[in-house]
Structure formats: structure tokens, C-alpha cells
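Some notes on the structure that comes next.
The values are calculated or read from the model by the stated rules, or taken from the named source; none is laboratory data. In this text the structure is predicted, and so the values were computed from the model without any measurement. Note: ideal-geometry Cβ built from the backbone for every residue, glycine included; neighbour counts use all protein chains shown.
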Amino acid sequence: MSRETSLLIVCLGNICRSPMAEGALRARLEEAGLGHVRVDSAGTGDWHVGNPPDSRAIATAARHGVDISGLRARQLQADDYRRFDWMLAADLQNLRDVQARKPDGASARIDLLTRWAGVPADVGEGAIPDPYTGDREDFEHVWRMVDEVASAAVARLRRPIDA
């Protein structure tokens, strides 16, 4: 893909799934020489605005060589629908929420993160489960999922035509 692309990853609170996905995507894109792709994340809720990712998300990403400790949670804003090419939701409820908030004049395309990346939906209709109430293994499972999505995103973004 020759032109700059911008991706916004959206989950509920922007402290677990979306910052881990943002970190994994940035790392894989950089490795692939696609550092010009802009990646950010946001939450549909406002509970954690300004806070760093969950300490378990930070630790999980760090175990895989990715530092997300400098990220700060933010809530999805109306101008995100114009600033990003793609708004990619972690699960179906977040997808519905992002679609429901779409303002007039929005130009961003909206999809489920796994579906957009072309990762086969094996469980939960392609949803990335929320590990917030889980344990270390739940965070590791989510990391494996977002890392697979990040690899698939690199392949998609290397294609000459954006589908």
C-alpha cells in the first residue's frame, strides 16, 4: 500500500485489548518497514481516561518485547471518525457501539479487527476476549490473538490495493 493508512483500535476501556493490539501492530509494522502506518487506540467508555494500560497488559506486552507503558487511555471522539481510515473494534459489542456513534460526515470505515485483518474467526465470531477479570493466561491468550492480527495486518497492508 503506497499511501499512508491510519488505524484506530477500539475496545471498552482502552486499558487491555486495544493498547496491547496497538503495541503489537506498531511493533510488527515497524519490523516490516511499514512504520508510516499510523496506529492509535481508544475506548468506548470513559472510566480509565488518562490512565496507563492495565499493569497485566503492560507486563504481557513486555514479556514479548513490546513497551506499552507510555500509552494512556482515551475515549473515542467524534473527530476520530474523520481522522482515521479504519476504526477496528475488538469485539461485536464494541463494533456496534462504534457504528452507533458514527457522526454525520464520518469518513472512517468500521470493522471488526480480526475480520479486517483476515484472521479466521475460530471462537466468539472473531471477538478478542476482554481479559480484564482474568489472570495471566487470559492476557497471554489475548496477546497471541493480537499478535496474530498484527502479522495478518502487515500482510494486508503490503497488498497494493486496500480491500
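The conditions are (1) assigned to a loop (DSSP other than H, G, I, E, B); (2) more than 15 Å from residue 20 (Cα to Cα); (3) of a type in the set (A, V, I, L, M, F, W, C), and residue 152 fails exactly one of them. Which is it?
Just one mismatch for residue 152, condition (1).
Restricting attention to the range 118-144, which residues are modelled with pLDDT of 95 or more and either exposed (fewer than 15 other Cβ atoms within 10 Å of the Cβ) or in a helix (DSSP H, G or I) (or both)?
Selection gives 133, 135, 136, 137, 138, 139, 140, 141, 142, 143, 144.
Going residue by residue through the range 42-51, is there one that turns out to be outside any helix (DSSP H, G or I), in contact with a His (Cβ under 7 Å, 6 or more places away or on another chain) and at positive phi?
no
Of the conditions (1) touching a His at 6+ places or on another chain (Cβ under 8 Å); (2) farther than 17 Å from residue 91 by Cβ; (3) not in a helix (DSSP H, G or I), residue 147 clears all except one; give me its number.
Against the list (1) touching a His at 6+ places or on another chain (Cβ under 8 Å); (2) farther than 17 Å from residue 91 by Cβ; (3) not in a helix (DSSP H, G or I), residue 147 comes up short only on (3).
Find the residue count for the range 103-117, including only residues that are exposed (fewer than 15 other Cβ atoms within 10 Å of the Cβ), closer than 17 Å to residue 85 by Cβ and not hydroxyl-bearing (Ser, Thr, Tyr).
Going through the range 103-117 one residue at a time, the tally reaches 3.
Could you check, for the range 66-75, whether at least one of its residues is at pLDDT 95 or above, assigned to a helix (DSSP H, G or I), surrounded by fewer than 17 Cβ atoms within 10 Å (Cβ to Cβ) and among the polar types (S, T, N, Q)?
Checked the range 66-75: no residue is at pLDDT 95 or above, assigned to a helix (DSSP H, G or I), surrounded by fewer than 17 Cβ atoms within 10 Å (Cβ to Cβ) and among the polar types (S, T, N, Q).
Test of understanding: among 33, 13, which residue is assigned to a loop (DSSP other than H, G, I, E, B), more than 19 Å from residue 107 (Cβ to Cβ) and free of Cβ contacts under 8 Å to residues at least 40 places away in the same chain?
Checking each option against the conditions leaves just 33.
Suppose we keep only residues that are closer than 24 Å to residue 96 by Cβ and touching an Asp or Glu at 6+ places or on another chain (Cβ under 6 Å) within the range 25-43. Which one would you say is surrounded by the fewest Cβ atoms within 10 Å (Cβ to Cβ)?
39
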